[in-house]
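The values are calculated or read from the model by the stated rules, or taken from the named source; none is laboratory data. Since the structure is predicted, the reported quantities are computational estimates derived from the model, not experimental observations. Virtual Cβ from ideal backbone geometry, glycine too; neighbours counted across all protein chains shown.
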Amino acid sequence: MRVRDPFEGFMVHFGAHGLQHRLTLSLFLSALETTIVATALGTIAAHFDDYRRFSWIVTAYLIAFNGFLLLHARLSDIFGRFAVFYCCLAIFAIFSGLCGAAQSMIQLIVFRALQGIGASGLFSLTMVIVPDITPDRWLGVYSGVVSSVFALSSILGPLLGGIIAQHSTWRWVFLLNVPGAVLSALMVAPAMRSQNAFKSIRDGWRQIDVPGSIFFLAATILLIYALQSANSTSSGFGWSSSVIIGCLVGSGASFICFIIYELIIERKVSLTPLFPLRLLLQCDITLLMLSAFFMGCSFYSTIIQLPQRIQQVNDKSPTISGVLLLPVLLPSAAFSALSGGLYRKFPNVSPLLLTLGGCLQVVGVGLLSTLPTGVSIPNRQYGYEVMTGVGFGLMLPSFMILARDWVSEDEYVAEREIATAMGLVNTFRTLGGCVSIAVNNAIMNEDLPKYASFLTPSQLDALETASLALLRLSPDEVLRIRVAYGEVYNQQFFVVAMLAIPSAVAAGIMLVRQYKRKA
């Protein structure tokens, strides 16, 4: 019987393993940048006088963020965790500064994509390093801490972005990351000496799956571009246009090539596949990835779309729209910590929490689709937000815990595949967010002209290229447009709720499989 070290808790929290606490700053910054622009988009679009492409400020970041999550996990296996971490931190800091100095919308979108590459490494490696250095009996606690930080930063982003946009220049939305990155580098530096030396650059690059990375990025980018651009008056492409069809076909072809190539590359010992398909042979891992994908749809859609709805339908300022997200923020952070703590006491509870959280977020998001379209905010909206936030909080740490536990149980999977499995779960969750935001944009492009049919084509075009406050409309017309926006946002949340159902179903199947194994 193993004797418990009485000083283990002290060392985990305050000693060498106290690195977990220091790493959370980089996680906070990378997750914050995902959502901080949600309430500042209107201000940024007004500054550049470009309302056509402002949604790409979010989408470009998410595409790059998602596309490089797996690659960063693989690079850390080859070159070492902290070598890759510091490279990503430098990329994130440099392009955060360039985002703050951007002189056009195109520049900002390009710099946001490059910023997303660095941020994905900070996010991915924090999720990998923390379980690596945490004793098993403390894993639940720190999974809860990490998930709480992620939830806090993701939903605090709109509040902070609104305050900055309203009371200062929007450029600080990006510039604040520069001193934050420097502080993070100084905090993590003491741990560098204790890590294993990384391989030579020449040997390392020979193991990287470059074609697989290209196929994966192509499949993702083409799909998101098609969903984002279809029926947009700024692009001029309908669903039947050759450009949209070509993007969808190209995305499907790239995905097929990606799968085929990954199957071939697994037979070559000298190369490390980006996506180890043998992980999918484990049914629970496949279900976990599906659950993460569809949970990402509801999570990112809620924290991006809800502030926009509050501003456009309820006529609230960016700051107030951020404050009104607190009913999502507080329960999400609190229940993330609670979920991790419960795992420490009851190691088999995670599938149950994942299922319960999945059901709550489906119901919560579904109820958000029933909100009235008037300017006033009903009190029941806050209850719906709390329910949604509790669901998110129960689910977030469960993904990280189960990815590590289930992969480590498979005797045919190498130890390093644990990091890859956790990277896959994060990739699928973020990919779900990319897809859902693009789907929401497609719904807006498709349905707004129907609900605002009283406007002329030129007015509809102006509505997409300028803020509502700048249009020369009567008060009655402005009110009718807000109602039209309300109908569209309700339709978006209904679709997101439907997309969230498979997340709860997959979690339920995992729970049933767990009870069958016990029986």
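Residue 395 meets each of the listed conditions (1) modelled with pLDDT of 85 or more; (2) more than 18 Å from the chain's Cα centre (by Cα); (3) farther than 25 Å from residue 219 by Cβ apart from (2). One residue stands out in the range 312-342 among those that are of a type outside the set (A, V, I, L, M) and surrounded by fewer than 23 Cβ atoms within 10 Å (Cβ to Cβ): the one that is nearest to residue 37 (Cα to Cα), namely 319. Scanning the range 267-311 for residues that are hydroxyl-bearing (Ser, Thr, Tyr), touching a residue at least 12 places away in the same chain (Cβ under 8 Å) and surrounded by fewer than 21 Cβ atoms within 10 Å (Cβ to Cβ) yields a total of 1.
When every residue of the range 406-427 is checked against the conditions, none turns out to be in contact with a helix residue (DSSP H, G or I) (Cβ under 8 Å, 6 or more places away or on another chain) and at pLDDT 85 or above.
Looking across the range 28-69 at every residue that is polar (S, T, N, Q) and part of a helix (DSSP H, G or I), the one that is farthest from the chain's Cα centre (by Cα) is identified as 43.
Does the range 137-145 contain at least one residue that is closer than 28 Å to residue 304 by Cβ, in contact with a Lys or Arg (Cβ under 9 Å, 6 or more places away or on another chain), at pLDDT below 75 and not polar (S, T, N, Q)? There is at least one residue in the range 137-145 that is closer than 28 Å to residue 304 by Cβ, in contact with a Lys or Arg (Cβ under 9 Å, 6 or more places away or on another chain), at pLDDT below 75 and not polar (S, T, N, Q). Taking the stated definitions as given, is residue 383 under 20 Å from the mean Cα position of the chain (by Cα) and in a helix (DSSP H, G or I)? No. If you take the residues in the range 279-304 that are touching a Gly at 6+ places or on another chain (Cβ under 9 Å) and not hydrophobic (A, V, I, L, M, F, W, C), which one is farthest from residue 441 (Cα to Cα)? Of everything passing the filter in the range 279-304, 291 is farthest from residue 441 (Cα to Cα). Selection of helices (runs of 4 or more DSSP H) fully inside the range 149-239 by the criterion of at least 1 residues being modelled with pLDDT of 70 or more and of a type in the set (A, V, I, L, M) returns 172-175, 177-188, 210-229. Among the residues of the range 153-169, those identified as touching a residue at least 60 places away in the same chain (Cβ under 8 Å) and surrounded by fewer than 21 Cβ atoms within 10 Å (Cβ to Cβ) are 160, 163, 166, 167.
Take the residues in the range 472-519 that are among the hydroxyl-bearing types (Ser, Thr, Tyr) and in a helix (DSSP H, G or I), then tell me which one is surrounded by the fewest Cβ atoms within 10 Å (Cβ to Cβ). Ranking the candidates gives 515 first.
Scanning the range 65-94 for residues that are more than 14 Å from residue 128 (Cα to Cα) and surrounded by 23 or more Cβ atoms within 10 Å (Cβ to Cβ) turns up 65, 66, 67, 68, 88, 89, 92. In this structure, does residue 128 turn out to be modelled with pLDDT under 80, under 20 Å from the mean Cα position of the chain (by Cα), among the β-branched types (Val, Ile, Thr) and assigned by TED's automatic domain parsing to the domain that holds residue 32? So residue 128 fits the description; yes.
Might you let me know whether the range 329-337 holds any residue that is more than 25 Å from residue 160 (Cβ to Cβ) and touching a residue at least 40 places away in the same chain (Cβ under 8 Å)? No; the residues of the range 329-337 include none that is more than 25 Å from residue 160 (Cβ to Cβ) and touching a residue at least 40 places away in the same chain (Cβ under 8 Å). Residues in the range 345-372 that are surrounded by 14 or more Cβ atoms within 10 Å (Cβ to Cβ), farther than 18 Å from residue 504 by Cα and modelled with pLDDT under 90: 347 only. The number of residues in the range 254-268 being modelled with pLDDT of 90 or more and farther than 13 Å from residue 214 by Cβ comes to 1.
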